[in-house]
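All remarks here apply to the structure that follows.
The values are calculated or read from the model by the stated rules, or taken from the named source; none is laboratory data. Given the structure is predicted, the values throughout are model-derived calculations rather than measurements. We place every Cβ from the backbone using ideal geometry, glycine too, and count neighbours over all the protein chains shown. Surface areas here come from the heavy atoms of the whole protein model, side chains and all, with no ligands, DNA or RNA. Shrake-Rupley method; radii C 1.70, N 1.55, O 1.52, S 1.80 Å.
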Amino acid sequence: MRQSKPINSDRPKRTGFVFTVLIIALISVFLISFMLGRYPVSVIRVLEVFASKVMSIFGLSPISTVTPEMEAVVWNIRLPRILMACLVGCCLSCAGASYQGVFQNPMASPDILGASNGAAFGAALAILLGLANRMITIAAFVSSIATVAIVFLVAKYAPGQKTMNLILAGIMIGSLFSAGTSYIKLVADPSNQLPQITYWLMGSLSGVKLKDFNLVVIGAMVIGCAALFAIRWKINLLTLGDEEARSLGINTNRLRLIVIVASTLVTAASISVSGVIGWVGLVIPHIARKLVGSNYRYLIPASMISGAVFLLIVDNFSRNLLATEIPLGILTAFVGAPFFVYLILKRAKTF
């Protein structure tokens, strides 16, 4: 579905103001998130914990009002989860915005090439084999990358338009891996393994620890987001169509490959640590587009910040709304599904 108006023509007049508001919102939600939970902690105490950690690094005596329990809650439990929520929201939103530009389709999302289905299969298989949590993360990441690689191979050798081939191959290969996941659930131990697989598939950040911030996952997120941020202005040219982009001297095949690889990296890394969290990569880019316009020079960073704020807010509801934690995938679906209906009804006016 090609967008009906030139991407480069609608630079907003108040972009700076919008980014200022988004950054303030991110900082505010970030600090407030430390206060929410079964163990109440004020903003002052949170800042004292961080100051105490910095002082200990330089060999100074920690602040006396910081108790071991407070430090454990803030530093070991809430900080990893809050940071990971920001990273995952940022990555999924960035990938979703990039896919929508590459495929010229406002309904494109990070799982369009089967990355989510591949990650789910890898994680389910690792759980079935009884592997440790770190190996489950690695299995999900590797399986997600492998799934998209298979999609590329199928699309490469299939006749016809390459972009459409990628979408069709993504649907087909994703369905195969989804069937594989269903079979694993069928043969899994119903008292132990099946609940773990089911919960992983619904998405959650409850088990995130500081040790989960490893070089593989964080490296993939940083490299992928940095690449998309660096070439964000070129994505504008892809939205104009291949012929017009080539007339401007752009190698569309190479550029499309770079964008898809970078988007796949951040998607695979995000899903591997959080499980399957849908709708973020579809909903947030459209909200960001309403705020800053369709120019990818502004859309990519706006999507990153908005995604971080959104998933952080959703995660706060997830761990505080009820006595038992609500999986993130359920809450994002409550937001995403109505918004998807809105896009269908308004797409003629919006795109």
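Run the accessible area of the stretch 11-80 with a 1.4 Å probe and give the carbon-and-sulfur part as a rounded percent.
Carbon plus sulfur share of accessible area: 72 percent.
Compute for the stretch 256-350: radius of gyration divided by Kirkwood radius, i.e. Rg/Rh, restricted to C-alpha atoms, rounded to two decimals.
So for the stretch 256-350, dividing Rg by the Kirkwood Rh gives 0.99.
In percent, what relative contact order does the chain have, based on Cα pairs under 8 Å that are 6 or more apart in sequence?
Contact order relative to length: 30 percent.
Under 13 Å from the 7 Å Cα→Cβ point of A323, by amide nitrogen: which residues of the stretch 47-88?
none
Rule-of-thumb check for the stretch 243-284: C-alpha Rg over 2.2 N^0.38 Å?
Cα Rg divided by the expected 2.2 N^0.38 Å: 1.59.
State the answer as a single residue: which of A108, L47, I171 lies farthest towards the positive end of the charge dipole of the chain, with beta carbon charges of +1 for Lys and Arg and -1 for Asp and Glu, about the Cα centre.
Projecting each Cα onto the dipole axis, the largest value belongs to A108.
Which percent of Cα-Cα pairs in the chain sits in each 20 Å bin, short to long?
P(r) over the chain, rounded to whole percents: 29, 56, 15, 0.
How many percent of all Cα-Cα pairs in the stretch 163-308 sit more than 23 Å apart?
50 percent
Determine the share of the stretch 196-287's accessible area contributed by carbon and sulfur atoms, expressed in whole percent, with a 1.4 angstrom probe.
66 percent
Using a Förster distance of 41 Å, how high is the FRET efficiency between N214 and R14, based on the Cβ-Cβ distance and rounded to 0.05?
Computed FRET efficiency for N214 and R14 comes out at 0.55.
Helix-derived [θ] at 222 nm for the chain: sum -39500 (n - 2.57) over DSSP H runs of at least 4, divide by residue count, nearest 500?
-24000 deg cm²/dmol
Heavy-atom accessible area per residue, the chain, 1.4 Å probe: how many Å²?
Spelled out: the 1.4 Å probe surface of the chain, per residue, equals 47 Å².
Per residue of the stretch 67-78, in order, report the coupling 6.51 cos²θ - 1.76 cosθ + 1.60 (Karplus, θ = phi - 60°) as ³J(HN,Hα) in whole Hz, putting x for Gly and Pro.
Using θ = phi - 60°, the values come out as 8, x, 5, 5, 5, 5, 5, 6, 7, 9, 10, 7 Hz.
Using a 1.4 Å probe and ignoring any ligands, DNA or RNA, find the accessible area of S98 and quote it in Å² to the nearest 10.
0 Å²
With the alpha-carbon atoms as the only input, what is the per residue convex hull volume for the stretch 17-175 in Å³?
Output value, Cα hull per residue: 181 Å³.
Testing the spin-label approximation: label points 7 Å from Cα along Cα→Cβ at I44 and I57. State their distance in nm.
Between I44 and I57, the label points sit 2.5 nm apart.
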